[in-house]
Amino acid sequence: MNLAALARLSMRTRIAAAATAAVALVLIAGGVATVATFANRERSSLDRELEQRAQGPAGRAVRPGGVEDGGPGGPGPPGLLAESGSFVRVIAGGEVVQAAGDLPAEGLPLRPAEGFDTVTAEGGRWRTLTIELPPRPSLFGDPVERLIQFGADADPLEERIDSLERRVALISALGIGLTVVLASLFATPALAPLSRLRRAVAGVSTTRDLSRRLPEGEAGREVDELAHGVNEMLARLERSSAERERALEATRRFAADVGHEVRTPLTSMRANLDAVRRNPTMPAGQRRAILDDIAREQEDLVSVLDALQALARGDSATALPREPVDMAEVLDSAVEAARRRHPAARIELSAPEGEQRVTGWPEGLRLLIDNLVENAVRHGGEQVLVRLVREDHALLLTVDDDGPGVPAPERERIFDRFARGTAVKSPGTGLGLALVAQQAQLHSGSVEVGDSDGGGARFSVRLPAT
Amino acid sequence: MNGEPLVLVVDDDEAIRTALERALRLEGFAVRVAAGGHAALEMVERERPGVMVLDVVMPDLSGISVVSRLRARGDETPICILSARDEVEDRVAGLEAGADDYVVKPFDIGELAARLRALLRRLPSADGDPTRVGDLVVDPARRTVHRAGRPVELTRREFDLLEELARNRNVVLSRDQLLEKVWGYDFAVDGNVVDVFVGYLRRKLEAEGEPRMIHTVRGVGFVLRP
């Protein structure tokens, strides 16, 4: 099985497989150790028996100083006896010279090595102990090498060992099989919390209800931690989904407002244009008045478009250009421009000497000031006072007018897009103060509206100073 | 030539070309139109217009490139660029490349015509000895500027503005005075062209960390001090 296939296995199978592997390991190791211990003990007991026989009378009989042995094929020496299932033989020069007991007819090697050995002869297994005897002097030169070999039938013993092996193997196999079955059975309840979790998650995803939460504290630690993690993720998703919903709603409302704001002047422009086209003979004065209206409506439309573009730019400003800006300089330039635009208004500027530095986007700060001053001129009377005051870590910009002011209930929403004061005599785009609020926010500042000393409105913008 | 000043209008949008051509004719200009940057460059060679109205954003060759190429070949035809309100970067690039003024689309034809007439009145280049103010040397004859021995590259309109400020050193000049003397605008002008060009001059004169020479006098205007 390759790794990919392994990864696809169910948790239940994996748990069962892990348990089975553990049990199998224990059973096999235990079985092997048991059989080995038993076999070892049995075999050494047989070896000791062979050793004892070698020390006994049969062994002694053929040793120097013992009973002289007979010739080959002759009757065995006294004591060269063997019980049933065992034998003893003397080999000299590769030939059996004496033998007794249940000697297997053939198959025994005639030049065995010294020491213990297990040999197979006549279909049975024999344990042998071979000892070298002192050589017997020969009539024909070289002394003949002599060996005495004791043998015992190892079959009963090996059968006992084999039988034990078979029993152990059977028990192990049964144990492993039982483990497979039991582990599979027990894995299901063990995995139940996980299944419940899976069903709960599936429930969230089918109902798309992000307010649902998974049960916590009902299962094992790992599952609980998982449930907790999923719940935190759900909470985050719920929050961001709510924010997105609000943003979408705001965008929808804004799009509808834009349509309305643009369609209205376009409609009256069309009416005015048609009036001029269909009445070529209208009095010059009337014609002039209508054309002026058209030009003004066109200018209003341009203002709305400018503001919309500026707002869109601010909305999408992920990385605002940031550079040191001397607010006093920008204010001076903006106020000068406003004076040229509104020669009838009295616009005063008061700012501390020297550079008044903030870090920000010069265009955006200019936009903020332009819109505050424009708002003051439009809704105020004849006087506008622009003041820049240095605070501890901020610059406070106030724009006062001598108009009717902003009623307290309207102060919150006056910075909303297309929000206009109820007591306003000459409505503007409805976007100027929204732009002010947007730029203040983009520059990590704040804006609020209150009362000026002269009874009009005072707009205050606080920007962090550099 | 019938004596009417010739305006070259360059815009890739046909509606704007047609409307501008008609409106400027009615204002008393002779008008030629070009639909793109390459056509504009050819027509400047052939027709020698007195002034150009140049759209910034054009598909074939941008207005900025047109300005750069003209100035690179020594052509000092006054150029007024047209840009949308939100095309600030393009406008800045056009002015830095050597354009003389800008108007924001849509604009008042009366105001555009007034600006074009002013730009057509080529101000006589002031001759005379170099003016020294502190470590600044402005040489009107050779149209060169040095600050602390370092040559400063200026466009024509930047040079004119600096020369005016240098000749009136220690005298505060209002924006209206500068508009009139440097641009020839003797009428109310919307916009910040003086502020914009003062910004460019400051940047170029202070490029090596030198102290400020052109100071703002709040509520009044600008002054050059050593």
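The values are calculated or read from the model by the stated rules, or taken from the named source; none is laboratory data. Just so it is clear, the model here is predicted, and its values are computed rather than measured. Here Cβ is always computed from backbone atoms with ideal geometry, including for glycine, and neighbour counts include all displayed protein chains. What goes into the accessible areas is simple: the full protein's heavy atoms, side chains included, and nothing from ligands, DNA or RNA. Shrake-Rupley method; radii C 1.70, N 1.55, O 1.52, S 1.80 Å.
Evaluating 6.51 cos²θ - 1.76 cosθ + 1.60 at θ = phi - 60° for every residue in region B:164-176, the Karplus couplings come out as 4, 5, 5, 5, 9, 4, 6, 10, 7, 10, 6, 4, 4 Hz, glycine and proline recorded as x. Working note: Debye formula, equal point scatterers on the alpha-carbon atoms of chain A, no solvent; log10 I(q)/I(0) at q = 0.05, 0.06, 0.07, 0.10 Å⁻¹ is -0.54, -0.59, -0.68, -0.92.
Calculated accessible area for chain A comes out at 58 Å² per residue, all protein chains present (probe 1.4 Å; ligands, DNA, RNA ignored). Helix B:88-97 axis versus longest C-alpha principal axis of chain B: approximately 70°, rounded to the nearest ten. Am I reading the A/B interface right? What is its buried accessible area, both sides, 1.4 Å probe, to the nearest 100 Å²? Counting both chains, the buried surface is close to 1600 Å².
Region A:393-460: which GluC sites (Glu not before Pro) are DSSP loop and have at most 12 other beta-carbon atoms within 10 angstrom? Let's see the in-between values first.
On the way: sites: A:Glu410, A:Glu412, A:Glu448; in loops: A:Glu412.
The qualifying sites are A:Glu412.
Can you pull the percent of the protein assembly as shown's accessible area that's carbon plus sulfur, 1.4 Å probe, other chains left in place? Spell out each step's value before the answer.
Numbers: 19920 of 36790 Å².
Of all accessible area on the protein assembly as shown, carbon and sulfur atoms account for 54 percent.
Size estimate for region B:51-184 follows the Kirkwood approach: the inverse of mean 1/r over distinct Cα pairs works out to 16.0 Å. Grouping the Cα pair distances of region A:118-178 into 5 Å bins from zero gives a pair-distance distribution of 4, 15, 13, 12, 10, 10, 10, 8, 5, 4, 3, 3, 2, 1, 0 percent in increasing distance order. Please report, in debye to the nearest 20, how large the charge dipole of the protein assembly as shown is about its Cα centre when each Lys and Arg carries +1 at its beta carbon and each Asp and Glu carries -1 there. Here the protein assembly as shown has a charge dipole of around 1040 debye.
Dipole size of region A:220-292 about its Cα centre, with +1 on Lys/Arg Cβ and -1 on Asp/Glu Cβ: approximately 980 debye, rounded to the nearest 20.
Which of B:Val172, B:Val67, B:Val103 ends up with the largest GNM mean-square fluctuation for chain B, with Cα atoms connected below 10 Å? Sorting by GNM fluctuation, first place goes to B:Val172. Of the GluC sites (Glu not before Pro) in region A:313-392, the ones in a loop by DSSP (not H, G, I, E or B) with at most 13 other beta carbons within 10 Å are A:Glu353, A:Glu355, A:Glu382, A:Glu391. Size check on chain B: the Cα extents along the three principal axes, sorted descending, read 51, 37, 33 Å.
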